[in-house]
Amino acid sequence: FTPPDNVDRKVREYLGYARVLIDLPEEDYSLHHPAMVALHAMESGSLLLLLDRLVNQYQFESEAALGKVLLIEMISWLVVLGIFIFELPLLLNSAKRLMNRYTKDLKASEVQLQMVLRESEEQHRALVESAPYGILLVDSAGCISLANNQIIKLFGYTRDELIGQPIELLMPDGLRGK
């Protein structure tokens, strides 16, 4: 948008006459004042038509430029979307490989923990069985959950006969139920 060279000069001239009229005392206003005559001549002349045409041209060019900006923005978003769509399978494959690796690691850790637990249980069982005194475990319901060899020898029951039975089984008849 480039207005003609003489527009700026004409607008300045118009504003100059308007300022003269604004600064006049009210009693000096007259249709025959030279500034009023000049303004009237400019209004009826081509200045207002030229300004109107320039405003319309500026508006048209601004709208065209805005349309180009919006088109560039839309193309940019389409490019970003295309890149995302292209990259999505790669991202998903990477995530899948990572999940598979973590799953393998977790399974390996689970196997290791089960081995450690078995070893610990075996050591615990060996310790309980080798004790020189009787060891008996009772669960929260009052039933026997573990009895070592010393308890079996002491009371004369088999391990299968003791496990799951109430502890009262091993108490003398006079103390049961108290």
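For this structure, a couple of remarks:
- Annotation: amide H of residue 146 within the under-5 Å range of 137, sequence separation 5 or more or interchain, hydrogens built in the peptide plane.
- Working from label points 7 Å from Cα in the Cα-to-Cβ sense, the residue 139 to residue 121 distance is 1.4 nm.
- For peptides 50-60, 23-33, sequence by mean Cβ density within 10 Å, most packed first: 50-60, 23-33
- Relative contact order for region 24-178: 10 percent, from Cα pairs under 8 Å spaced at least 6 residues apart, divided by residue count.
- Straight-distance candidates among the aspartates and glutamates for linking to residue 10, with alpha-carbon spacing under 18 Å and chain neighbours fewer than 8 residues away dropped: 43, 52.
- Taking a straight Cα-Cα cut-off under 28 Å and skipping sequence neighbours fewer than 8 places away in the same chain, the lysines within cross-link reach of residue 153 are 178.
- Residue-wise HN-Hα coupling along region 143-153, computed from phi with Karplus coefficients 6.51, -1.76, 1.60 (Hz; x: Gly, Pro): 9, 6, 10, 8, 9, 8, 4, 5, 5, 4, 5
- With all protein chains in place and a 1.4 Å probe, the accessible surface of the chain carries 63 percent carbon and sulfur.
- Potential lengthening of the chain between residue 105 and residue 80 amounts to 5.4 nm, from the contour at 0.36 nm per residue minus the alpha-carbon distance.
- For region 116-178, the solvent-accessible area works out to 74 Å² per residue, with a probe of 1.4 Å and every protein chain left in place.
- Gain upon complete extension [residue 97, residue 63; 0.36 nm per residue less C-alpha separation]: 7.2 nm
- Equivalent-ellipsoid semi-axes for region 111-178 (Cα gyration tensor, √(5λ), whole Å, largest first): 27, 14, 9.
- Between region 53-95 and region 105-121, the Cα center-to-center distance that results, in Å: 56
- Check: the chain dipole with +1 on Lys, Arg Cβ and -1 on Asp, Glu Cβ, in debye: 1180
- The slack between residue 41 and residue 27, meaning 0.36 nm per residue of separation minus the straight C-alpha distance, is 2.8 nm.
- 10 Å binning of all Cα-Cα separations within the chain, expressed as whole percents from 0 upward: 7, 14, 10, 8, 7, 6, 6, 6, 6, 6, 6, 8, 7, 2
- Hydrophobic long helices, here whole DSSP H runs in the chain with Kyte-Doolittle means of at least 0.0 and Cα atoms spread over 18 Å or more along the helix axis, are found at 47-130.
- With a Förster radius of 35 Å applied to the C-beta separation of residue 90 and residue 114, the computed FRET efficiency comes to 0.45.
The values are calculated or read from the model by the stated rules, or taken from the named source; none is laboratory data. All figures in this text were calculated on a predicted structure; none of them were measured in a lab. When we count neighbours, we look across all protein chains shown, and the Cβ atoms used for this are built from the backbone with ideal geometry, even at glycine. Surface areas here come from the heavy atoms of the whole protein model, side chains and all, with no ligands, DNA or RNA. Shrake-Rupley method; radii C 1.70, N 1.55, O 1.52, S 1.80 Å.
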